[in-house]
Amino acid sequence: MDPKKAKNLDKLTREQLAALRDKVTEVPFSGELLNNRLSGMYSCAGCGTQLFLSDDKFESGTGWPSFDQAIEGRVKQVTDNSHDMERIEVVCANCGAHLGHIFEDVPISKTGKYYCINSVCLNFTAQDTK
Ligand SMILES: [Zn+2]
């Protein structure tokens, strides 16, 4: 995470910093946005970059907010070999904050890709219904 680009850094909670900066996965089923079904936009809690659309959110049953796809170019994938597993980490393309992981060939996702994202790493803005 690049502290110069993460302009919200001084507003983050300890839990958000732990996830965004230190890559600590939040406790499953704890996230406020897990069951959010409102239409709107999910953005990076670190820098505000818009990352995911509510239309791409789905119920995975894993306990973390789950998306079929990210907005093009807004996230980057990084190989993560921590915890003796080979996983692909998803980070914000702008500030480099940790967001979660991506898994491939997941049948419940309409794209086959499954973005498993920490709720604390996201801010949600409801769609303007005017
Ligand atoms: Zn960011």
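Each value in this text was obtained by applying a stated rule to the coordinates, not by laboratory testing. Only a predicted model underlies this, so the values are computations on that prediction, with no experimental measurement involved.
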Open item on the list: Can you tell me the length gained on complete extension of the stretch residue 87 to residue 22, counting 0.36 nm per residue apart and subtracting the Cα distance?
Closed with: 21.8 nm
TODO: Using only the Cα atoms of the range 1-51, build the gyration tensor, take square roots of its eigenvalues as a ≥ b ≥ c, and label the shape rounded, prolate or oblate: rounded if a/c is under 1.5, else prolate if a/b is larger than b/c, else oblate.
DONE: oblate
Task: Debye-sum result for the chain in log10 I(q)/I(0), which assumes one identical scatterer on each alpha carbon, at q = 0.09, 0.13 Å⁻¹ - done: -0.22, -0.47
Task: Karplus 3J(HN,Hα) series, Hz, for the range 117-126 with 6.51 cos²θ - 1.76 cosθ + 1.60 (x for Gly, Pro) - done: 10, 5, 4, 5, 7, 10, 10, 10, 10, 5
- [ ] Specify the inter-centroid distance of the range 1-78 and the range 84-115, based on alpha-carbon positions, in whole Å.
- [x] 11
